[in-house]
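Report on one structure; see the data block that follows.
Bear in mind these aren't lab numbers, they're just calculated from the coordinates by the rules spelled out. Note that the structure is predicted; figures quoted are calculated from it, not measured. No Cβ is skipped: glycine too gets one built from the backbone with ideal geometry, and neighbour counts run over all protein chains shown.
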Amino acid sequence: MTDKTLFEPYELGNITLANRVVMAPLTRNRAGAGFVPGGLAVEYYTQRASAGLIVSEATQISQQGQGYQDTPGIYTQAQIDGWRKVTNAVHARGGRIFLQLWHVGRVSHINLQPNGQAPVAPSPIRALTKTFVNNGFVDVSEPRALELDEIPGIIEDFRRAAANAIAAGFDGVEIHGANGYLLDQFLKDGANTRTDAYGGSVENRARLTLEVTTAVAKEIGANRTGIRISPVSPANGVFASDPQAQFDYIVEKLDELGIAYIHVVEGATGGPRDVSPFDFEALRRKFRNTYVANNGYDLELAKSRLAEGKADLFAFGRPFIANPDLVERLTAGAPLANFEQATLYGGGAAGYTDYPAIAASSRP
Ligand code: 8OZ
């Protein structure tokens, strides 16, 4: 296999990606009033449309699903209309874009919740993590456990959000099942001590994620549905005592549902790849459709993993922040710019849409 393959088209479900480079979801906290993505978001995503696939920033499916200030939603008509401008612009540049569907669960703050209520979670266990509200990082609020009869409403919120995403022109959706948010809270026994049908065993902990995925796939088509998982990541204070059994099981079931892809955060999100022993190749073997690999990839690692057949697509997150033309830079072997930490979360154009593409003349 030659080096070029990373930059050749790839068939994902029923769409064709221009290359195997995925822009990973990146939270940037710049939505406008009503949690509507605005003109800057249109510009930001359009600048990055040469990615084979863009996965949008995590987008809440309901007000209850929000955990940080100024993140966009996909539950009102104004939000659908705002996102429509993003998808139109990305498509006009030949790009493809999925929306990431997000419910934060316990990673939230009463200031963001409907009527100032407690955030919801599988169990009333506070996460040892912070959230970004009122322009600063603060401890998350004490959550309350979801009642059994509230669970159908959560599934319905995901289903409706997926329908809204398609109405907004997205090519598909990625269910956020990673990084210590609601679905990952259910999957991991450190956050889920339920004794009903949604806790207590590998099968029960997987139930909500599988019910959500089934409902979304039924609504918009399995070939337009993906999911992100992070089996061993401690992100947002989650812990699984036997992640291999938990994730072997759920990936087998996701394969049966025939969804387009699994997007796997290999290791600690944004951190080391080898935090604990885990056989990611077992997940790859269990899943017949597309395996999207993520976490700390650079060009060399992506090329070698592709050559070894260990993954189909490679999701780059942070490199896309300061390199809107990441695909062109990787293709040309051009140097990558570093992003500025201070402008990651919130603000305006600075550190968002003002990172330049490399001048054609300075490409090697
Ligand atoms: C960074 C800051 C806030 C949220 C994730 C949605 O980790 C996020 C996120 C990342 O998946």
Inter-probe distance in nm under a simple model that places probes 7 Å from Cα toward Cβ, at Val275 and His91: 3.7 nm
Fewest-first sequence of Phe247, Phe314 by Cβ atoms within 10 Å of each Cβ: Phe314, Phe247
Between the stretch 127-146 and the stretch 210-238, the alpha-carbon center distance in angstrom: 23 Å
Set of lysines with alpha-carbon distance to Lys286 below 30 Å, sequence-local pairs under 8 removed: Lys4, Lys188, Lys218, Lys253, Lys303, Lys310
Gain in span if fully extended, Ala307 to Lys253, counting 0.36 nm per residue against the direct Cα distance: 16.7 nm
The stretch 1-135: antiparallel DSSP beta bridges as a percent of all, rounded to 5: 35 percent
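Please arrange Ser241, Ser123 by how many other C-beta atoms lie within 10 Å of their C-beta, fewest to most. Could the numbers behind the result be given before it?
Details: Ser241 9, Ser123 20.
Result, fewest neighbours first: Ser241, Ser123.
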Part-to-part distance (alpha-carbon centres) for the stretch 155-206 and the stretch 280-303, which is given in Å: 22 Å
Antiparallel %, DSSP beta bridges [both residues in the chain], to 5: 20 percent
Axial C-alpha extent at least 15 Å, average Kyte-Doolittle at least -1.0 - helices from the chain (DSSP): 77-92, 151-167, 202-220, 243-257
Loop-resident sites, the stretch 291-359, for GluC sites (Glu not before Pro), counting at most 15 other Cβ within 10 Å (DSSP): Glu308, Glu340
Which of Val21, Leu112, Ile151, positive extreme of dipole for the chain (C-beta unit charges): Val21
Sequence of Ser50, Ser233, Ser304 once ranked by neighbouring C-beta atoms within 10 Å, starting from the fewest: Ser304, Ser50, Ser233
Principal semi-axes in Å for the stretch 1-68 [√(5λ), Cα gyration tensor, largest first]: 30, 13, 10
Cβ-defined net charge surrounding Lys253, 14 Å radius [Lys, Arg +1; Asp, Glu -1]: -2
All Cα pairs of the stretch 36-157, percent lying beyond 19 Å: 52 percent
Relative frequency of Cα-Cα separations exceeding 38 Å in the stretch 3-362, percent: 9 percent
Relative contact order of the chain, defined on C-alpha pairs under 8 angstrom at six or more residues apart (%): 16 percent
